[in-house]
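Trainee: The structure under discussion is supplied below as structure tokens; questions concerning it will follow.
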Amino acid sequence: MSFTGVIVLALLGVLASVGDAKAKVRVAATTGTLAAIAGDVGGELVEVTALSAPTEDPHYVDARPNLVLTLNHTDLLVATGLELEVGWLPNLQKSARNPEIGPGGRGYYEAHTALSHLAEVATGRVDRAQGDIHAGGNPHYLYDPRAGAEVAIGLGTKLAELDPANAATYVTRAQSVAAKYRSVGETQRARFAALSAEQRRVVSYHASWPYLLDWLALEQVETVEPKPGIAPSPAHVATVLQRMRATGAKAVLQEEFYPRGTSEKLSSLAGAKLVVVPGAVRFGTQTYPEFVGQIAEALHAALGG
Amino acid sequence: MFSLRVRGRGRTSALGVLCLSSPAWAADAPASAPAAPVSADAPAPTSDAPPPAPPAAAPVSEAEMRALTEALGADAQAVQAGSAPAPAAASGGAKPAAPAAAGNTGGLDLALILDVAGAWFSDDEPLQAGGHDPNHTGFTFQQLELSAGATVDPFFRFDTNIVFGLFGVEVEEAYGSTLALPGNLQVRAGQFLTRFGRLNGTHPHAWSFADQPLVNGRYFGSEGSRGLGAELSWLSPLPWYVELVGSATEAAGECCARSFYGGDDLGVDGVGDLLYTTALKQFFPFTGSASLLWGLSAQFGPNASGNGNRTEIYGTDLYLRFRPVDSSERRAFSWQTEVMHRRRQVPHDVLTDLGGYTQVVANWSPDWETGLRAERVLPLDGDDPELAEPEAKYAAAVTWHPSHFSRLRLQTSVADRGGASDLVYGALLALELVTGTHGAHAF
């Protein structure tokens, strides 16, 4: 194509984007869980897209070019932050040609900034010999509905800032959404409170659960991965098995996107149950309270409550 | 080497400080266009009342406007620094967390990538055309790449890849990319790899084999197609991904424009003496798991044979990827093919040839990857002393990733140099280590 042709097409593109009157705030969320929370807060005022499949490991998502296209048309990009998406999101932001949702843009929101408490914030020297750790804090906070409530409030404020005409609606709705999330959290916490100290011991595959452990007052005795992101070795698995036998841990907890073979063997040898839970909300068919409820139910059943 | 590293670190922290302090002036810039920031910085909402309506028709004096502009600049700065007071209605238990180590200050991302290999070849002249390929029996220091990048300000991003060999340094890439051009446009300027085809724009650590495809070495040069210049790309508003790329770069360099001026730099007297690269990239997501990236590319420029003789290279590339998004084994399969046709005017002749490679790569788990590649470069027409016989090469690779940051690759190959020469067998073991903060990879 000739250079003039390119210019003409470019001008047409500008015209097309100007003519595109926007009705709803277009929100893109990196995970199904963030999408569900944004949908709850924004309701009919927003149009939400999840950038990754709920069955995908959010650490490793393909930066497919169609996501560049989505971000090109996005008003608000909601990410987990804490380097969870560092392997794929920055490139999409750079290619999207939409400065609003780029780093530092008004339409880029890292949900961890809403939290009052972050687990496992690195103090002292961070070394990769510790595995693939997130120095800013553990990014898997949305397994705790209390954190979900804080994110809802934060998103309400952010949406109010981006769409001032509906500011009051976002802020009010965020309050009621947060209250609902908290009440789900309290109900489950109360159920787990009836468990004995021995019944509260779990083994997890990846270090995804500090927030959930805190919420349900559980104790993690070991992780199947020796270090975050490092595949289990036979020697380490043997240690995990010994620890399970010694502590009587009755559940191995993992997200569905991690391999199951080792966990299955471990659970059967230790007489424990393998609890495989979704890593994110099935956005569109499931709500956030249903999602955290599902995880808590599965755990409660395995722990023999 | 150690002293270089230390110096690099020192510069980083200085740059980091610069970046931290930049919002002061960066935030002032948009304020010169009052319309947008005014609506952007609407008063903080409360739960019981919508934001107050602006007061009626009292004209705003110039002094007032200046005061407003200044206040807006200060507010925007506070918002960017994350210290804006939370609106009263939204403070229900939410205190802004301030993780000390949160890496979102816009500082410089620095990574060092080391590639070393040990190889064996059955002949002293194996068919290895890449500048960082293991190409002799023994150990090869493929490269030590220093990769750095940062957002400069709201308008530019800066990226560089500096490659250290054992005895020298080369600035492989150093360019700025625009971040805020209107009309879905983006400009890159500086020294960069052109976006011809699929593999050329990427670096060895993103490759599935330890060496560069033959055709890239023969047509572009040992370092691939790259040069000093500027590039404009445009993301079309069509409902599927269509990106158009055009760049103009210097046509000289045996390493990186060998089908054009190559080692004989005849200089630039007019626009006809530059090397132009154009590309059209389209992406088709068939399902969440299967997708196809298809590219068409072309290069036009002068060659060194005189009389205004020119060279043209046309190429197409396909990347078909299947990665089930609901697999706990995290498997992925991909098929990548590039084919290029080259046409060179030389005194009393026109040389044409065809080259390409096709490869299948399977990721069986996050740790294990296998790949097969077949390559061919064949002369079609004309009498080219450099490429008299068809060349072919076949390679198989097994890669183990102990973690996301290291890999060990065993690769074997057999090469046919054409004519009566013997086949060349080769085997190599390559180690790659990645440290520091290395940016995300493109698809």
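Trainee: Over all directions, average the projected area of the Cα convex hull of segment A:114-204 and note it in nm².
Mentor: The orientation-averaged projected area of the Cα hull of segment A:114-204 comes to 8.4 nm².
Trainee: Per q in 0.17, 0.19, 0.20, 0.24 1/Å, what log10 I(q)/I(0) does a Debye calculation on the alpha-carbon atoms of segment A:194-302 return?
Mentor: -0.76, -0.95, -1.04, -1.43
Trainee: Please state, rounded to one decimal and in Å, the Kirkwood hydrodynamic radius that segment B:374-443 gives when every pair of distinct Cα atoms enters the mean of 1/r.
Mentor: Taking every pair of different Cα atoms in segment B:374-443, averaging 1/r and inverting gives 15.2 Å.
Trainee: Hey, what D do you get for segment A:20-131 in µm²/s if you plug the Kirkwood alpha-carbon radius into Stokes-Einstein at 37 °C and 0.692 mPa s?
Mentor: D = 220 µm²/s.
Trainee: Could you compute the net charge surrounding residue A:174? Neighbours are other residues with a C-beta less than 14 Å from the C-beta of residue A:174; K and R count +1, D and E count -1.
Mentor: 0
Trainee: Once the other residues with Cβ under 12 Å from the Cβ of residue B:280 are scored (Lys, Arg +1; Asp, Glu -1), what is the net sum?
Mentor: Overall, the nearby charge balance is 0.
Trainee: Ignoring ligands, DNA and RNA, what percent of the accessible area of segment A:15-183 is carbon or sulfur (1.4 Å)?
Mentor: 54 percent
Trainee: Still on this model: Evaluate 2.2 N^0.38 Å with N set to the residue count of segment A:252-305, then give the Cα radius of gyration divided by it.
Mentor: Working it through for segment A:252-305, the quotient is 1.23.
Trainee: A further question on this structure: With the full set of protein chains in place, find how many percent of the accessible area of segment B:110-436 is carbon and sulfur; take the probe as 1.4 Å.
Mentor: 63 percent
Trainee: Next up: Return one whole number: the accessible area per residue of segment A:194-302 in Å², for a 1.4 Å probe.
Mentor: It amounts to 39 Å² per residue over segment A:194-302.
Trainee: For segment B:175-280, compute Rh as the Kirkwood radius over C-alpha pairs and then the Stokes-Einstein diffusion coefficient at 10 °C and 1.306 mPa s; write the answer in µm²/s, rounded to an integer.
Mentor: 108 µm²/s
Trainee: Can you tell which of A:230, A:295, A:101 shows the greatest fluctuation in a Gaussian network model of chain A with Cα springs below 10 Å?
Mentor: Judging by the Gaussian network model, the answer is A:230.
Trainee: Normalised by the residues of chain A, what does the relative contact order come to in percent, with Cα pairs under 8 Å and at least six apart?
Mentor: Contact order relative to length: 17 percent.
Trainee: For residue B:199, what charge total do you get from the other residues with a beta carbon under 10 Å from its beta carbon, if Lys and Arg give +1 and Asp and Glu give -1?
Mentor: -1
Trainee: Give the residue list of chymotrypsin sites (Phe, Trp or Tyr not before Pro) in segment B:149-248 that are DSSP loop and have at most 12 other beta-carbon atoms within 10 angstrom.
Mentor: Listed in order of number, the matching sites are B:167, B:240.
Trainee: Sticking with this structure for a sec: Which residues belonging to segment B:323-340 lose at least 40 Å² of 1.4 Å-probe accessible area when the assembly is complete, relative to their chain isolated?
Mentor: B:323, B:325, B:328, B:330
Trainee: Can you pull the Kirkwood radius for segment A:112-158, inverse mean 1/r over Cα pairs, to one decimal in Å?
Mentor: For segment A:112-158, the Kirkwood estimate is 11.8 Å.
Trainee: Relative to the first principal axis of the alpha-carbon coordinates of chain A, what is the inclination of helix A:234-247, with its axis defined by its Cα atoms, in degrees from 0 to 90 and to the nearest 10?
Mentor: Approximately 60 degrees, to the nearest 10.
Trainee: Take peptides B:281-291, A:37-47 and line them up by average Cβ neighbours within 10 Å, highest first, as a rough protection proxy.
Mentor: Result, highest mean first: A:37-47, B:281-291.
Trainee: Compute, for residue B:265, the solvent-accessible surface of its heavy atoms (probe 1.4 Å) with the complete set of protein chains present, and express it in square angstrom to the nearest 10.
Mentor: 100 Å²
Trainee: Something else: Straight-line reach only, C-alpha to C-alpha below 20 angstrom: list the lysines that residue A:180 could link to, leaving out same-chain residues fewer than 8 apart.
Mentor: Hits, sequence-local ones excluded: A:158, B:95.
Trainee: Estimate the FRET efficiency between residue B:326 and residue A:290 by the formula 1/(1 + (r/R0)^6), using the beta-carbon distance for r and 22 Å for R0, to the nearest 0.05.
Mentor: Efficiency computed from Cβ-Cβ geometry: 0.70.
Trainee: Based on the Kirkwood radius over alpha-carbon pairs, what value in µm²/s does the Stokes-Einstein equation return for the translational diffusion coefficient of chain A at 4 °C and 1.567 mPa s?
Mentor: 62 µm²/s
Trainee: Over the Cα atoms, compute the radius of gyration (one decimal) and Dmax (the largest Cα-Cα distance, rounded to a whole number) for segment B:110-436, in Å.
Mentor: Considering segment B:110-436 through its Cα atoms, Rg and Dmax are 19.9, 61 Å.
Trainee: Using protein heavy atoms only (no ligands, DNA or RNA), what is the total accessible area buried between A and B, 1.4 Å probe, nearest 100 Å²?
Mentor: Summed over both sides, the interface buries about 5200 Å².
Trainee: Mind checking the per residue accessible area of segment B:331-443 for me, 1.4 Å probe, whole number of Å²?
Mentor: Normalised by residue count, the accessible surface of segment B:331-443 is 48 Å².
Trainee: Among all the lysines, which ones have a C-alpha under 16 Å from residue A:250's C-alpha, if same-chain residues fewer than 8 places away are not counted?
Mentor: Leaving aside lysines fewer than 8 places away in the same chain, those within reach of residue A:250 are A:265, A:273.
Trainee: Moving on. Mean-square fluctuation check for chain A, GNM, Cα pairs under 10 Å: which of A:77, A:51, A:67 is largest?
Mentor: A:67
Trainee: Give the lysines whose C-alpha is closer than 21 Å to that of residue B:281, dropping any in the same chain fewer than 8 places away, or say none.
Mentor: Cross-link targets: A:94.
The values are calculated or read from the model by the stated rules, or taken from the named source; none is laboratory data. Bear in mind the structure is a predicted one, so any value in this text is a computation, not a measurement. Methodologically, a virtual Cβ is constructed for each residue, glycine included, from the backbone with ideal geometry; neighbour enumeration extends over all protein chains shown. What goes into the accessible areas is simple: the full protein's heavy atoms, side chains included, and nothing from ligands, DNA or RNA. Shrake-Rupley method; radii C 1.70, N 1.55, O 1.52, S 1.80 Å.
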